[in-house]
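The values are calculated or read from the model by the stated rules, or taken from the named source; none is laboratory data. The model shown is predicted, which means the values in this text are computed figures rather than measured ones. Cβ sites come from the backbone with ideal geometry, for glycine too, and all protein chains shown count toward neighbours.
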Amino acid sequence: MLKPVPPAPLPIRLVGRTVDWVVITIGAVMATMVFTNVCLHLFHEDLAWVTEFGELLMVWVTFLGGACAAQRGAHMTITEFIDKLEPAHRRWADLAVQSACLAMLLVLVRYGWSLVNANWGNQLTVLEWPMAFQYMGMAVGCSLMAVFVAWDVWQIARGVPREARYPKSE
C-alpha cells in the first residue's frame, strides 16, 4: 500500500513508517469529518469544531507529508543543471543542495519550537485547546524532515550515489 522507502538504519525506517501511517490516519480522519459535516448540512446542522480541528489537522498533515516526501527524496526538484554534471561533481552539488536544505530546516525547527513554547497560553477559539498544538505540526514535521535530510547528507558525504539512495520502484 505504501511506496517503498530507500535503505536506511532501522530507527530511521521505523520513524518513517510511523510518519507514513500517521499521515494516512490524519487524511482518513479529515475526510470522514468533512463528509460527516457535509451530510449534516443536508439537515441544516453543523459541527462547529470540524472547521477548526480540520485546520489543525491540515497543518499536521502538510508538514508530516513533507517528512514522508523527504524520506523518499520525493520533493520537487529542478535538475537540468546537476544532471549534466559528472558523478563526482554531481555528488558535491547534491551535498551542497541538501546541506542548504538541512540548514533551512534547522532554522525552521528552532523557530517552530519557539512558536510552540510561546503559544501554550493562547487557545483555539472553538476547541479551547492550546494553540501550541497547531504550531507543533510545523515543529515536529520540520524536525522529522531534518532527520531524513541529515541521513541523506551523511550518505552523500560517504559517496553513495542518488540511484542507490533513492532506487526507482516499478
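A Cβ distance below 7 Å, combined with a sequence gap of six or more or placement on separate chains, defines the contacts here; from the stretch 1-23, residues that are surrounded by 13 or more Cβ atoms within 10 Å (Cβ to Cβ) reach residues that are charged (D, E, K, R) in the pairs Val5/Arg13; Val5/Arg72; Pro6/Arg72; Pro6/Arg165.
Scanning the stretch 1-54 for residues that are among the hydroxyl-bearing types (Ser, Thr, Tyr) and within 19 Å of the chain's Cα centre (by Cα) yields Thr18, Thr25.
When residues in the stretch 6-62 are screened for being outside any helix (DSSP H, G or I) and either more than 22 Å from Gln134 (Cα to Cα) or touching a Lys or Arg at 6+ places or on another chain (Cβ under 6 Å) (or both), 9 of them pass.
Would you confirm whether any residue within the stretch 69-84 is over 17 Å from Arg165 (Cα atoms) and at pLDDT 90 or above? Scanning the stretch 69-84 turns up at least one residue that is over 17 Å from Arg165 (Cα atoms) and at pLDDT 90 or above. Has the stretch 87-99 got at least one residue that is assigned to a helix (DSSP H, G or I), within 16 Å of the chain's Cα centre (by Cα) and either modelled with pLDDT of 95 or more or more than 27 Å from Leu10 (Cβ to Cβ) (or both)? There is at least one residue in the stretch 87-99 that is assigned to a helix (DSSP H, G or I), within 16 Å of the chain's Cα centre (by Cα) and either modelled with pLDDT of 95 or more or more than 27 Å from Leu10 (Cβ to Cβ) (or both).
Filtered by the rule that a residue be over 26 Å from Val109 (Cβ atoms) and touching a residue at least 24 places away in the same chain (Cβ under 8 Å), the stretch 37-83 gives Ala48, Trp49, Thr51. Does any residue of the stretch 38-56 turn out to be buried (at least 16 other Cβ atoms within 10 Å of the Cβ), under 17 Å from Ala139 (Cα atoms), in contact with a helix residue (DSSP H, G or I) (Cβ under 7 Å, 6 or more places away or on another chain) and modelled with pLDDT of 95 or more? Within the stretch 38-56, one or more residues are buried (at least 16 other Cβ atoms within 10 Å of the Cβ), under 17 Å from Ala139 (Cα atoms), in contact with a helix residue (DSSP H, G or I) (Cβ under 7 Å, 6 or more places away or on another chain) and modelled with pLDDT of 95 or more.
Report, by residue number, each residue of the stretch 94-135 that is under 30 Å from Val160 (Cα atoms), in contact (Cβ under 8 Å) with a residue 60 or more places away in the chain and surrounded by 18 or more Cβ atoms within 10 Å (Cβ to Cβ).
Asp94, the sole residue that qualifies.
Is it true that Leu102 is in a helix (DSSP H, G or I) and modelled with pLDDT of 95 or more? When the stated conditions are applied, Leu102 passes them.
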